[in-house]
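The values are calculated or read from the model by the stated rules, or taken from the named source; none is laboratory data. Just so it is clear, the structure is predicted and the values come from calculations on it, not from any experiment. Glycine also receives a Cβ, built like all others from the backbone with ideal geometry; neighbour counts cover every protein chain displayed.
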């Protein structure tokens, strides 16, 4: 095992833990990564020593506190990089633009550029919401396997935020399938009445790592040509993804 391969495999294990909800057993990690049990054990010993993984009382492994500092700094950096691209979304739509990521079972807003209009929407940076009632959440879940989505919404529940909130598993899976097909997702007053949002995915190579959205009063969003707007938003999201991972983005 070369040094580079060891690093690559260590990240495979960390990403598998994240994909599995933050904790997993050895067999789950082996199934997710395709790595031998012995290799996973060796990698986990190193990650445990560095505090990036911890072992729980049931002998499962979980993401450790050592990642918090790295994640917080990385989020601030990504948020700063995103601002010029979010500004382009504001110029394109006239509405507030947001960048959000999936952390565990929650959506976290990590950057925003507000609309210049007097009546405008705000999603406070750092705010955590459940994904089922937001456009950014749907975009991020749409690129996960259905079994992972079902496991997530069973853990969190699907609380009704408004009369428009999707609260049934089958309806949510249908909405995610639609989002994959058309390349964007909508929140039609599902998180907050009178507020509509449109979100597109941000790709890091072949992975979806974030979502960009515009949000505004329902009547203004409804008046837009949403398919055309989404097409331009995907181009801006692609440009941002290229900055995040230039080599991976060029490969796709």
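At-a-glance table
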quantity: Selection count, region 180-194, where residues are over 18 Å from residue 108 (Cα atoms) and touching a residue at least 24 places away in the same chain (Cβ under 8 Å); calculated: 8
quantity: Wholly within region 1-53, helices (runs of 4 or more DSSP H) carrying at least 2 residues that are in contact with a helix residue (DSSP H, G or I) (Cβ under 9 Å, 6 or more places away or on another chain) and either farther than 22 Å from residue 144 by Cβ or assigned by TED's automatic domain parsing to the domain that holds residue 150 (or both); calculated: 3-19, 37-50
quantity: Given (1) at pLDDT below 90; (2) over 25 Å from residue 211 (Cα atoms); (3) loosely packed, with under 12 Cβ neighbours inside 10 Å, number of the condition residue 66 does not satisfy; calculated: (3)
quantity: Among the candidates 67, 89, 152, residue that is touching a helix residue (DSSP H, G or I) at 6+ places or on another chain (Cβ under 8 Å) and either part of a loop (DSSP other than H, G, I, E, B) or under 19 Å from residue 239 (Cα atoms) (or both); calculated: 89
quantity: In region 31-57, the residues that are surrounded by 14 or more Cβ atoms within 10 Å (Cβ to Cβ) and within 22 Å of residue 103 (Cα to Cα); calculated: 32, 33, 44, 47, 48, 52, 53, 54
quantity: Residue 222 vs. criteria in a helix (DSSP H, G or I) and within 26 Å of residue 236 (Cβ to Cβ); calculated: yes
quantity: Some residue of region 95-104 being crowded, with 20+ Cβ neighbours inside 10 Å and either part of a loop (DSSP other than H, G, I, E, B) or on the phi > 0 side of the Ramachandran plot (or both); calculated: yes
